[in-house]
Amino acid sequence: MNKTSIIALIMAILALVIFYQVSGEVSPYVNFTTAGATAEEGGKVKIVGQLVKEKPMVWEPTNDPNYFSFFLRDQEGLEQKVVLLQGKPQDFEMSEQIVLTGRMTEEHFLASEVQLKCPSKYKDEESFLKDISEG
Amino acid sequence: MDSINYIGEHLLPRQLGHFAILLSFVAALVSAVAYFMATQKRNQPLVAKGWNTLARGAFLTHGAAVFTAIGTIFYVMLNKYYEFQYVQAHVSEELQPRYVFSAFWEGQEGSFLLWMFWHVVLGTVILFTAKKWESPVLSVISSVQAVIGSMLLGVYIGFGDLAIKFGSNPLLLLREVFDAPIFKQADYVELLPQIAQGLNPSLQNYWMTIHPPTLFLGFASTVVPFAFAIAGLWTKDHKNWLRPALHWTLFSTAVLGTGILMGGAWAYEALNFGGYWAWDPVENTSLVPWIILVAGLHTNLIAKSTGQGIRATYIYYLLGFLLIVYSTFLTRSGILGDTSVHAFTEMGLESQLLFFLFFFIGMAVVALIWRWRGIPVPQKEEATSSKEFWMFIGSLTLLMSAVLITGATSLPVVNTIAEAIDPAWLPLALDDPEAHHNRFQLYIGVFIGLLSGFSQFLRWREKSGSFKWKPFLIHLSVAIVGALALTALTLTWIDARTIGYKILVFSGWFTVVSNLDYLISFARKDLKAAGSAVAHFGFGIMIIGIMASGPNQRVISKNTFLMEGLTADEELKRTTLLLFKDQPMAMENYRLQYTGDTLVDFTRTFFVDYEKLDADGQVTETFKLEPTVLYTREFDDIAITNPSTKRYWNKDIFTVIMSLPQEETSVQAKQEKEDSLKYRLHELYPGNNVSFYDTTQLSDLDTNFVDDYRLELLSFSRHAKHPDYIPEPNDLGISVDFRIQRSRNRRKPIVETGQAAIILRDGLLYQYPAQLNEINTRVKIDESIFDQLLVDENTLDYKEIKVKPGETFTVDGQEIFFASYDPKPEVDHYLPMKDDIAVGAQLVLKSEGEEDRMIEPIFVIRDKQAVRARDEDRELGIYANFVNLDPQTNIGTFFIAKAAPRPELNVPLAVATKSARADWISLQAIEFPGINLFWAGSILMLFGLALSMIFRLMQKRSMRVVQ
């Protein structure tokens, strides 16, 4: 066997090992029900949902600037309290979709990271034009 | 449909621009085809010459058309023709001319044009320098131009509902893009300036002026190695393309690297995520082609020196550009969705982008398969002790790194495809992308570090038997010993938590030491090698910089509020700190104090004092940081926060505002807060006081406090005194000083004093309330005070009087004695401003059986204009203006009127309890040690690449001279 083949073999094995490793770090987005199940294993999960605008949002920076709670409706329609370990993100109310990383505790979902999907600029522009024409 | 004759539209640039865009597309097609024919007929010089001439003409026409289209867009942007959709979306009245470039490439269309612009520039250079490679290379580049150009066409092909939109034309009029009632008005153009969107404030930054053009030059330059690779395969000349391709790839890696680095610098300086690299998909997809091209660079060197690795070089160079196209697809098709902060918005070009990607993948794959067997491969394998062997391993390691990053970044693509096949597919995501990338790239870094150290001392085409161990081992030992010593030293400074980090630090130093050794021992004699030594030296320094500033960064702003049940990792996320104004907060070895802020235009700058403390709590150093927030044009939101950084040679202290009180984030919120306050009016004479009660409910508890307040008006002033008040000419202001005390539950009363002002400026009222934070109370002067205070000038019957000091006169029965001029008037009703020339006239009002009273109207010359400050005696009803002064005769001119007496001012004070304090900021402060090593190292690495290119080009020229 020549060297090139040996190297190719080593690379292939490495690639497999890495692929196996990475597959452990990838997980599907969950909902609150499945998040509860994974919580027992202590792992972090990602959850997607929408802000429940009718329910209270609590952010009192003078009490704790790194505590923000709100209610999220997951893709199954289940509503659950979420505690985010950060201040309230900018334009939070305008978000169309929220992706949270964290874990389920007994009382709430404890999120350490948040990503917002906000409406695109072009939609903005259109509604803006409509506003100005009607107004 | 009725056609409307619109007023005020500029149709000429629209027609010109459309023509230029169409022409550029057609000319690119012609050029691609003609160059294709010129290449095919290369064995028939005369025919080829004809095709070549046509192709050149077409390419240069294409270039001129691209320049015209760009020029037209700049023209409409600079002139603010808002009827153009692109102008409306990216320009606004406030846009400063220096940001017009940023506005141009903010949109997809502009950035496509920027990309095409660089292709034209590079293509023109190739046209004049590439000789026999001109035709095949420019045929490929022209085809790329045609594909990109098609995305700007903006034409519909087909009929009715089946019409397919081709491209998005940047020179469409707004009314051609949107259908809105506003376009029924013939003069709609006049309404547009007020609704123009303008440039996203986060892009109004000097980095945004230099980062995109550099990055796009980097992007554009990757097409050259790609085109040379296709040309090599096409013409079956597998050796000669290697040389020009190497030069172009050195150029490409240097420029693309600079573009990426500038992106990091921009992120660090202007964005708030606290760092220069976030493994964001957009960052990743521009890094990956760079890595691939660097890998290709190495196999290219091998191929040139030994004839090995030509196939690998083809693959890398083809991949480099394809990955750029893939990156374009990811960032512009909207497929990344919520995983990236800087993805462009979707604009319906997905299918065209896919065509772009698959057309060139197809071209590369077909060319490779077609010619694969013909690509020369030397019979003999490289020896394990040869330089080429280890460089090849290095290039494979880089490939591995690129595959890993691409794989992780492509998860959204995987999800989209899987969802299309299986609707029940649950989208996958990396749990923690940053940790994932760091973990794998760490080992790649170690490996690359070691390889780029020792392989410098190996020789090309080394035979297995003839390897000289002695010099190699000497250099190796120098590197190992030097690196160990430096690693030990580094670890006393930075905290490399895991063994992996320690090894990476060692590997970084290993490269640094061996390349320094190499530079001294060999590179003096061979300038080409100097470029390589500098680049690898820089790489090593960069690695150490990353290790020092990344895992070793220290959050200064540790959260001071306790929360139970958190893991250590979660606690680390709580990095925001609350600072009340003028209340120092000590943490770690710093004491922070927020001292104030200013608002200039839309930028609010906060001043945060840092005091560095030693172990005994003594202040060793003080400095001030000034993070800012930028409000939107309507002040209805915060558009972006910009950090502020204190730089040392060995570390940076980074501070960014994380949040502000709600009422400071928008004018609406401020108004809502003001409206929610329940003010109660209390009318007071100076020196008087009033008492009142209020109840406060403690949150969550059924406990009520009955608070006893006592408000005392200390003094009243006929000019504005308030810490936030900045005087302007012609302001009419008044202010009060007061004292307020609150007693709760028999505890010791809290006493505070405050100052409130109200200003009448150009017919508008401005309130300067006093916020008393200890008792959550806000006090302002009610505007009804002006009803008492103001006397309509028109109702006063002024008499003109000219007198000298010492004279006595009478106005409507009031005897007045003009006592003297006052060259330095210090009176309550006049607030001196800078450069004022002011003279007062002291007038004594005499009444029988009563004490004399004095008023002092002021005559002021302000900005070369005469203004006056009226004085009055309300009880006597005397209003006096001092309107002129003749220095020759010493005679003063006065307008004096007598009106009905008015009662003493009864100052209405509005008091709201339960007004929460709003004088705080929450911020994040991070210490980045050794970040300058990162910058210096990466700059050196890119400099090394550029150096290599320059030396090689110089050498080429000198060789030609020798021949």
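Since every read-out is calculated from the coordinates, none of them should be taken as a lab result. These figures come from a predicted structure and were not determined experimentally. All Cβ positions, even for glycine, are placed from backbone atoms using ideal geometry, and neighbour counts span all protein chains on display.
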Checklist entry - Remind me, relative contact order of the range B:31-145 in percent, using alpha carbon pairs under 8 angstrom and six or more residues apart? => result 34 percent
Checklist entry - How high is the relative contact order of the range B:839-963, given as a whole-number percent (alpha carbon pairs under 8 Å, six or more residues apart)? => result 12 percent
Checklist entry - Lys/Arg Cβ at +1, Asp/Glu Cβ at -1, dipole of chain B taken about the Cα centre: which of B:ILE931, B:THR620, B:ASN589 is farthest positive-ward? => result B:ILE931
Checklist entry - Size of chain B along its principal axes in angstrom, Cα-based, largest extent first? => result 127, 79, 70
Checklist outcome for this item: Log10 I(q)/I(0) at q = 0.10, 0.15, 0.18 Å⁻¹ for the range B:1-204, from Debye over equal alpha-carbon scatterers, is -0.50, -0.92, -1.15
Next on the checklist: Using amide H atoms built in the peptide plane, which far-off residues or other-chain residues are under 5 Å from B:ALA429 H to H?
Outcome noted: A:SER27, A:TYR29
Checklist entry - Taking the Cβ of B:PRO686 as the center, what net charge do the other residues with Cβ under 10 Å away carry, scoring Lys and Arg +1 and Asp and Glu -1? => result -3
Checklist entry - Remind me, relative contact order of chain B in percent, using alpha carbon pairs under 8 angstrom and six or more residues apart? => result 10 percent
Item to check | Restricting the range B:802-898 to trypsin sites (Lys or Arg not before Pro) in coil, as DSSP defines it, with at most 12 other Cβ within 10 Å | outcome: B:LYS834, B:LYS864
Item to check | Cut-off 12 Å between beta-carbons: net charge of the residues surrounding B:SER532, Lys and Arg +1, Asp and Glu -1 | outcome: +2
Checklist entry - Pairs B:LYS846/B:LYS898; B:LYS236/B:LYS528; B:LYS573/B:LYS651; A:LYS3/B:LYS304: which are spaced more than 19 Å apart, C-alpha to C-alpha? => result B:LYS236/B:LYS528; B:LYS573/B:LYS651; A:LYS3/B:LYS304
Item to check | Counted charge near B:LEU451, where neighbours are those whose Cβ lies closer than 14 Å (Asp, Glu -1; Lys, Arg +1) | outcome: 0
Item to check | Straight-distance crosslink candidates among lysines, where the alpha carbon sits under 28 Å from B:LYS721 and sequence neighbours closer than 8 are dropped | outcome: B:LYS581, B:LYS624, B:LYS670, B:LYS673, B:LYS678, B:LYS780, B:LYS824, B:LYS834, B:LYS864, B:LYS914
Checklist outcome for this item: Partner shielding of B:430-436, as the mean number of partner chain Cβ atoms within 10 Å, equals 4
Checklist entry - Based on DSSP H runs of at least 4 residues, each adding -39500 (n - 2.57), what is the mean residue ellipticity at 222 nm of chain B after dividing by all its residues, to the nearest 500 deg cm²/dmol? => result -15000 deg cm²/dmol
Item to check | Count of lysine pairs in the range B:1-204 with Cα separation under 28 Å (8 or more residues apart, or interchain) | outcome: 8
Next on the checklist: Can you give the log10 of the normalised intensity I(q)/I(0) at q = 0.24 Å⁻¹, computed with Debye over equal Cα scatterers of the range B:816-908?
Outcome noted: -1.29
Item to check | B:MET658 long-range amide H proximity, modeled H, under 5 Å | outcome: B:SER922, B:LEU923, B:GLN924
Checklist entry - Roughly how many Å is it from the Cα centre of the range B:721-786 to that of the range B:198-267, as a whole number? => result 60 Å
Checklist entry - What residue among B:THR511, B:GLY445, B:PHE467 has its Cα farthest toward the positive end of the dipole of the range B:434-519, where the charges are +1 on Lys, Arg and -1 on Asp, Glu, each on the Cβ? => result B:PHE467
Next on the checklist: Can you report the principal axis dimensions of the protein assembly as shown using only the alpha carbons, biggest first, rounded to whole angstrom?
Outcome noted: 127, 71, 64
Item to check | Cβ-placed point charges (K, R +1; D, E -1), dipole of chain B about Cα centre in debye, nearest 20 | outcome: 7700 debye
